[in-house]
1. Kindly indicate which of Ser21, Ser12, Ser36, Ser25 is in contact (Cβ under 8 Å) with a residue 12 or more places away in the chain, of a type in the set (Ser, Thr, Tyr) and touching a Cys at 6+ places or on another chain (Cβ under 6 Å).
2. How many residues does segment 403-423 contain that are outside any loop (DSSP other than H, G, I, E, B) and either more than 26 Å from the chain's Cα centre (by Cα) or among the hydroxyl-bearing types (Ser, Thr, Tyr) (or both)?
3. With the condition kept exactly as written, say whether any residue in segment 277-286 is at pLDDT 95 or above, over 15 Å from the mean Cα position of the chain (by Cα) and not in a strand (DSSP E or B).
4. Run down Ala597, Ala545 and say which single residue is modelled with pLDDT of 95 or more, among the aliphatic types (A, V, I, L, M), surrounded by 24 or more Cβ atoms within 10 Å (Cβ to Cβ) and over 24 Å from the mean Cα position of the chain (by Cα).
5. Condition first: among the charged types (D, E, K, R) and either surrounded by 11 or more Cβ atoms within 10 Å (Cβ to Cβ) or not assigned by TED's automatic domain parsing to the domain that holds Glu363 (or both). Now tell me which residues in segment 434-446 satisfy that.
6. Hey, among Asp401, Asp328, Asp335, Asp373, which residue is under 24 Å from Ala290 (Cβ atoms) and in the same structural domain as Gly294 (by TED's automatic domain parsing)?
7. Could you check how many residues of segment 548-592 are part of a helix (DSSP H, G or I) and of a type in the set (A, V, I, L, M, F, W, C)?
Amino acid sequence: MSIPLEEYALLSDLRTGPLVSRGGSIDWLCLPRFDSPACFCALLGDADDGRWLLHVPDGNVIDRRYTPQTFVLETTWRSPTGTVKVVDFLPPGDAQADLVRRVECLEGSVTVEHDLRIRFDYARATPWTRRTTQAGRPALLSIAGPDALLLSGPPLHRPEETTQQTENDARGSRTPRLVGCFPLSAGQSRDWQLTWFRSWDDVPEPVDPRDAHEDAVAFWTEWAAQLTAHTGHRPLVLRSMLVLRALTHARTGGIVAAPTASLPEDLGGVRNWEYRFTWLRDASLTIEVAIDHGLTRGAVLWRDWLLRAVAGDVDDVRIMYGLGGERDLRESELDQLAGYEGSRPVRIGNGAAGQYQADVVGEVMIALGKLRDAGEEKDEYTWGLQRGLLRYAEANFDAKDHGIWEMLGQPHWFTHGRVMMWAAFDRGIQAVERHGLDGPVDRWRELRDRLRQEIDEHGFNRQLNSFTQAYDTTEVDASLLQLPHTGFLDYDDPRMLGTTARIEQELMDEHGLVLRYRTSAGLDGLEGHEHPFLICNFWLVEQYARSGRRPDGERLMNQLVGYANDVGLLSEEYDPGSTRMIGNFPQAFSHLGLIRAADALADNVGRTDRPSVHPSEGERR
């Protein structure tokens, strides 16, 4: 059985994001970038697919936490003879890619065990491993093709021991393995550093672990000091803002949806997707949250990334790109990996990259408009991009699409997508009217008005008193909770109240959580099912808070924040039946949803409560 996702913590240097289990095993590590091939891949297989275990075999973890407002992880172990603390972190900065692990004995004496197994290229490449020295100290060098890893620090073995080779007969592969134990007494500590570099380059100089630790703490705390958060859920809001920062690449400005790939939406099923790319939608929503909290610098960094990624042909805009703006994100399967909980296929790349999704231009226009309103301007280049995006939207005005949920079935006119297209033209008009920019505003008004008319006619079912998932259908979709966020209508509009009631009736499970949509409808073209999608439930909190149902919002919010793990991280989905996190982890969508929900509750402390509305009740348009 795989380690439950809630057992993992994230590390970050703003370039990559390894996962460390509560039991001391780094089971996922991609170097040097989030989207690089993994050298520790046990998360999607087993220990021989790469990991670094550092633990107390006869002890238990009594405490695990981040150093406040950082991604420096502290795990405290207690054994019958003493107590040790393991500190894991990645030094932020551009010099090199390092992972530092420190073990400190706090009291008594403790024996610590290590087990290091390195594989490259998602366990497809077995490294050439040999002993060497660095700065006069023993080190271990592992090389496979272009990649090299150097482990430096005190010897991880007794003098008579050698690097062992372990065989997996079923797979017929050999994994270099460094194992051993070492004793520590009170006051003693050991530091190790794992450094990635190109195999043809000189071995980098080691960092000083203590200086690197101080620098890492200072980096994160100084960044967090500029954050503002409401008191109701302040610790989790701050942690969520830190997560969004941790998933942003420092050099490029690209924001990954999650640092992992192929963690399943359905344990043992086929809904396993790659999330280590920059979706324009996800990034735009993240940027909105950042701007709302005064963090315009990160928003500008992403805006510049967007200009480079879209480049000179707006008519060829994609829904997602690589961290550096790469376009070749073709999907493939890793047959050598067993998959998390046996969930196969294990996929890297993402086939949805070639889809048309009508909502994306709207999200980008909203985010760039908010950035301009905040006083950040990129002269004619940003506005030229926005005008190009609106030309693209007009060219695809009548096209059906695959929707926000990237349906693999037939395209449709999804109501959410059409409203987001309405928002795109609306924000273009606002830019002209508020900032004196030049554009065919009369044409945009005509297109915006046509969209409102068709949405009212085909996207709203008067018999059900509800907006629908797609035109002229009866199903609902949790993305409809986003409609008021665009300004298309108010949160307390009778049509929105009816839609909320319909979502509660059709999509809410016995635990009080809503699904994205009913997979039984067959629109997504996939077998199996999924669990409640966390951002959709945070959207419901926002809807409750802004439409006069604040007590309902508080109750649901308290339930949702209870699903965060001990270090404040959220997955994509949650299975309340088995109390397990599901999907890629940690998920930017979930954390930005938490922030928006907390903001909505804080903004509406004094709202008059309103009873819930049954789908058949209330004013009908």
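1. Just one listed residue meets the conditions, Ser36.
2. Kept after step one, since they are outside any loop (DSSP other than H, G, I, E, B), are these residues of segment 403-423: 412, 414-423.
Imposing the further condition that a residue be either more than 26 Å from the chain's Cα centre (by Cα) or among the hydroxyl-bearing types (Ser, Thr, Tyr) (or both) reduces the set to 412, 415, 422.
Within segment 403-423, residues that are outside any loop (DSSP other than H, G, I, E, B) and either more than 26 Å from the chain's Cα centre (by Cα) or among the hydroxyl-bearing types (Ser, Thr, Tyr) (or both) number 3.
3. As a first pass, look at segment 277-286 and keep what is at pLDDT 95 or above: 277-286.
Cutting the leftovers down to over 15 Å from the mean Cα position of the chain (by Cα) gives us none.
No, every residue in segment 277-286 fails to be at pLDDT 95 or above, over 15 Å from the mean Cα position of the chain (by Cα) and not in a strand (DSSP E or B).
4. Only one candidate passes the filter, namely Ala545.
5. Passing the criteria: Arg434, Arg443, Arg445, Glu446.
6. On the way: Asp401 fails: under 24 Å from Ala290 (Cβ atoms); Asp328 fails: under 24 Å from Ala290 (Cβ atoms); Asp335 fails: under 24 Å from Ala290 (Cβ atoms).
On inspection, the qualifying residue turns out to be Asp373.
7. Count: 7.
Conditions (1) assigned to a loop (DSSP other than H, G, I, E, B); (2) in contact with a Lys or Arg (Cβ under 7 Å, 6 or more places away or on another chain); (3) acidic (Asp, Glu), marked per residue:
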| site | (1), (2), (3) |
| --- | --- |
| Asp442 | no, no, yes |
| Glu446 | no, no, yes |
| Ile455 | no, yes, no |
| His458 | no, no, no |
| Leu483 | no, no, no |
| His511 | yes, no, no |
| His531 | yes, no, no |
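The values are calculated or read from the model by the stated rules, or taken from the named source; none is laboratory data. The model shown is predicted, which means the values in this text are computed figures rather than measured ones. Here Cβ is always computed from backbone atoms with ideal geometry, including for glycine, and neighbour counts include all displayed protein chains.
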